[in-house]
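Presented below is the structure to which this report refers.
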Amino acid sequence: MSLIRHKKVELTELFYDLVYVYAISQMTHLLSHVRNGRFLLENVIVFSIALIIFINSWMIQMVFTNRFGKNSLTNTVFMLLQMICLLVAAGLLSNDFQSMVIPFFSTMAVLTGLLLAQYGLEYRITRNTADQYFIKQFFSILGVRILSLLSCLFLPYSSSLVIAVLGIIVTWLMPSFLLNPAKTGALKELTPISFPHLVERLSLLVIITFGEMIIGIAPYFSIDKLSLSSFFPFLIVANLFLFYITEMDHRIAVNKTNVSGNGAIYYHYFIFFGLSFITAAFTLLQEHQLSNDAIVCLLYSGIFLFLVGILLHAPYNKADFSWTPKFYLAELALLTIGFLLSLLVAENSLMFTLVTFFVTVGMTSLMMRQR
């Protein structure tokens, strides 16, 4: 059995993560825009594109730091330059596709170029052929993304938008096919991932997302709006946080060896989408711009995605924390019953948030008791 590589999360990595507080805020803000009491599909599309490319860029940087990063001045400079690009790109987000396409995609192309250059420098330094092969795959992934994003500079709006979005989605999925050491012989001697570091970094980014949720529900606690119903959004968020850390902090076997970590990376996209939907739902509920039926659907869609993202981590669990089919059915049944009850009482905000509170209490209690 290979030795486990314990890698410390550096302060420079935590500083890099801070820019995502702003990025997540800008993305989530898009979801809470409605027009004439109706949810805007274009906002969901822009949000989805932005979340995938932002979080995927974070993931690519995180994987580089995990496998090759040495907390050097060079690595720090690359992260600082990426932070500038992220701040610019996040500030450009809007539902006006035509005005944002060129500046947004061009900025993300620059950020992708920085990631490519960082991997390129490592390619010149390393003498490990498996590492070189691994980095070459990122040359392909990042190269395709740059070309697809820069198409906005040369092609008509409609064509470039399709190419750029397809490029983002394809390059988002490519690592799952190209970078699995268990299935690719050339990667057998690859510098192993530090799984504890990967889990810690993912958890810290989720905590940042929970922080954005706290900001989103803060208006419920203003003096002029404070009431009994103010407490349930916070308690729901708290239950979801306990649900998350019960799995990630207590159930996951971080000392596993010979894991790529790709599963944990992709499963967390469900979590990020889910938490953003929940945040938007509470914002819209407080602003009274959307029907409560639609808010219930958005809220429970978010909780469902969050639940799926957590439950998919089962293969990483410690041996004494295996989940039974009965546990899965109980979690899904509880969520389904809560959704139906919430729809029945949707016109009463206090009642449906109370129902959702009990649902999340039940979900978390089942998780804590499961062995």
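The values are calculated or read from the model by the stated rules, or taken from the named source; none is laboratory data. What you see is a predicted model, and the numbers here were worked out from it, not measured in a lab. Reconstructed Cβ throughout: ideal geometry from the backbone, glycine too, with neighbour counts over all protein chains shown. Heads up: the accessible areas ignore ligands, DNA and RNA and are worked out on the full protein's heavy atoms, side chains in. Shrake-Rupley method; radii C 1.70, N 1.55, O 1.52, S 1.80 Å.
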Practice item. Select, from Lys256, Lys225, the only residue that is in contact with a Pro (Cβ under 7 Å, 6 or more places away or on another chain) and either of a type in the set (Lys, Arg) or surrounded by 18 or more Cβ atoms within 10 Å (Cβ to Cβ) (or both). Key: Lys225
Review point. Arg251 fails exactly one of the following numbered conditions: (1) open to solvent by less than 20 Å² (accessible area, probe 1.4 Å); (2) out of contact with any strand residue (DSSP E or B) (no Cβ under 6 Å at 6 or more places or on another chain); (3) in contact (Cβ under 8 Å) with a residue 12 or more places away in the chain. What is the number of that condition?
Key: (2)
Check your understanding: Listed residues Phe15, Phe68, Phe54; which is aromatic (Phe, Trp, Tyr), closer than 24 Å to His268 by Cα and more than 18 Å from the chain's Cα centre (by Cα)?
Key -> Phe68
Check your understanding: If we scan region 58-77, do we find a residue that is open to solvent by less than 30 Å² (accessible area, probe 1.4 Å), under 30 Å from Ile295 (Cβ atoms) and not β-branched (Val, Ile, Thr)?
Key -> yes
Review point. Restricting attention to region 310-322, does a residue exist that is open to solvent by less than 60 Å² (accessible area, probe 1.4 Å), touching a residue at least 60 places away in the same chain (Cβ under 8 Å) and part of a loop (DSSP other than H, G, I, E, B)?
Key: yes
Practice item. With the condition kept exactly as written, say whether any residue in region 279-298 is modelled with pLDDT of 90 or more, in contact with a Phe, Trp or Tyr (Cβ under 9 Å, 6 or more places away or on another chain) and not in a helix (DSSP H, G or I). Key: no
Check your understanding: Can you tell me which residues in region 239-273 are part of a loop (DSSP other than H, G, I, E, B) and closer than 23 Å to Asn56 by Cα?
Key -> Val254, Asn258, Val259, Ser260, Gly261
Practice item. Would you please name the residue that is nearest to the chain's Cα centre (by Cα), looking only at residues in region 78-97 that are open to solvent by less than 40 Å² (accessible area, probe 1.4 Å) and farther than 14 Å from Leu111 by Cβ? Key: Leu93
Review point. Which residues, counting only those in region 122-131, are touching a helix residue (DSSP H, G or I) at 6+ places or on another chain (Cβ under 7 Å) and of a type outside the set (Val, Ile, Thr)?
Key: Glu122, Tyr123, Ala130
Review point. Can you tell me how many residues in region 259-309 are open to solvent by 10 Å² or more (accessible area, probe 1.4 Å) and at positive phi?
Key: 1
Practice item. Output the number of residues of region 333-371 satisfying the condition of being under 26 Å from the mean Cα position of the chain (by Cα), assigned to a helix (DSSP H, G or I) and touching a residue at least 12 places away in the same chain (Cβ under 8 Å). Key: 17
